[in-house]
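The values are calculated or read from the model by the stated rules, or taken from the named source; none is laboratory data. The structure displayed is predicted, hence computed values, not measured ones. Because the Cβ atoms are built from the backbone with ideal geometry, glycine has one as well, and the counts that use them run over all protein chains shown. These area figures cover heavy atoms from the full protein model, side chains too; ligands, DNA and RNA do not enter into them. Shrake-Rupley method; radii C 1.70, N 1.55, O 1.52, S 1.80 Å.
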Amino acid sequence: MRILILGAGKMGSFFVDLLSFDHETAVYDIDPKRLRFMYNTQRFTTLEEIDDFKPELVINAVSLKYTLDVFREVMPHLPADCILSDISSVKTGFKEFYEQCGRRYVSTHPMFGPTFANLGALSNENAIIISEGDYMGRIFFRDLYSRLDLHICEYTFDEHDSTVAYSLSIPFVSTFVFAAVMKHQDAPGTTFKRHMKIARGVLGEDDCLLREILFNPRTGGQVEKIREELGTLLDIIDRKDEPALNDYLQRIRKNIR
């Protein structure tokens with residue numbers, strides 16, 4: 001298959017490495033410096049080169065902020081039967097875009113960041129395939145993610161964004177709060193060191209990814225729940241209410257069984 005990857009960032013580079021030995025691939029980026037270390041693939045910096053390549057599948061790996069704009073920019077240069085695909089972490093507005101553009105499409109979300117995950121050992125990581133879209137496109141990505149030994153789930157666009165708001169925004173925001181009140185520890189305990197490792201990993205992610213998760217329209221509701229729980233806990237602490245604390249601990253332990 002002829003596959004065009006849009007964007008030569010970390011995830012774009014990952015997909016080039018993953019696909020270039022089994023498919024004819026090309027990567028398009030307007031910044032030629034980002035293409036310097038790409039190998040075993042064609043490197044494009046102009047839209048006219050896409051015309052000549054005639055891709056059968058496009059994987060859009062640019063930042064969420066630019067994903068739909070880049071699709072609109074390249075679509076006039078794609079064959080009519082070319083499948084569009086994205087790997088965005090937030091899908092708000094994507095269903096409407098795909099339905100209006102009238103093209104075959106498949107939308108997925110590999111739920112691992114190239115900064116935090118070990119791309120050579122992904123058996124403990126997850127990927128989401130949106131159930132709405134082209135059947136053959138979904139089969140392609142299911143096979144691809146299966147070969148990486150990823151755990152695969154299928155959700156609708158709406159279910160995806162609800163899941164991401166819960167599974168990513170809560171740990172991300174909790175990590176931000178931990179880091180925000182941080183100060184140097186000469187003799188950190190084991191729990192502290194574990195939290196610090198997580199914080200360094202999360203804050204080592206690309207700022208664009210963190211922004212995408214936080215600006216998910218459903219994230220605000222999840223953050224509000226954190227604020228409510230902090231208010232409850234602070235009230236118990238202020239009152240030094242042992243029975244209330246016992247009840248609180250029993251309640252939250254049930255959540256992680």
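A few remarks follow.
- Coupling constants for the stretch 16-33 follow from the phi torsions by the Karplus curve (6.51 cos²θ - 1.76 cosθ + 1.60, θ = phi - 60°), and in residue order they are 4, 4, 6, 9, 5, 8, 10, 9, 8, 10, 9, 10, 10, 8, 6, 9, x, 5 Hz; glycine and proline get x.
- Accessible surface of the chain [probe 1.4 Å, protein heavy atoms]: carbon and sulfur percent: 53
- Chymotrypsin sites (Phe, Trp or Tyr not before Pro) within the stretch 10-46, DSSP loop, no more than 15 other Cβ atoms inside 10 Å: Phe21, Phe37, Tyr39
- Extension reserve of the Tyr166-Phe192 stretch, reckoned as 0.36 nm per residue once the Cα distance is removed: 7.0 nm
- Exposure ranking of Ile170, Ile129 by accessible area [1.4 Å probe, largest first]: Ile170, Ile129
- Dipole in debye (nearest 20) - the stretch 153-257, about Cα centre, beta carbon charges: Lys, Arg +1; Asp, Glu -1: 540
- In this simple spin-label model, placing a label point 7 Å from the Cα along the Cα-to-Cβ direction at both Glu24 and Met136 gives a separation of 1.6 nm.
- Note: the stretch 91-189, Cα convex hull, 133 Å³ per residue.
- About its Cα centre, the dipole of the stretch 98-186 is roughly 220 debye, where the only charges are +1 on Lys and Arg Cβ and -1 on Asp and Glu Cβ.
- Here the stretch 1-133 carries DSSP beta bridges of which approximately 15% are antiparallel, counting only pairs with both residues inside.
- Rounded to the nearest 20 debye, dipole of the chain from Cβ charges on Lys, Arg, Asp, Glu: 920
- Modelled spin labels at Gln100 and Glu228, positioned 7 Å past Cα toward Cβ, are 3.4 nm from each other.
- Nearest 10 degrees, 0 to 90: helix 170-180 Cα axis against the chain principal axis: 60
- Residue pairs, from the table Lys33/Lys65; Lys91/Lys193; Lys65/Lys193; Lys10/Lys91, whose Cα atoms sit over 25 Å apart: Lys91/Lys193; Lys65/Lys193
- Exposure of Asp143 as accessible area (Å², to 10), given a probe of 1.4 Å and all protein chains: 80
- Solvent-accessible surface of the chain, taken per residue with a 1.4 Å probe and all protein chains present: 57 Å².
- Counting charges near Arg251 (Lys, Arg +1; Asp, Glu -1) among other residues having Cβ under 13 Å from its Cβ returns a value of +1.
- Sequence-distant aspartates and glutamates (8 or more away, or on other chains) whose Cα lies within less than 14 Å of Lys197: Glu205
- When the Cα convex hull of the chain is projected onto planes of every orientation, the mean area is 16.3 nm².
- Using alpha-carbon coordinates, inclination of helix 242-255 to the longest axis of the chain, degrees: 20
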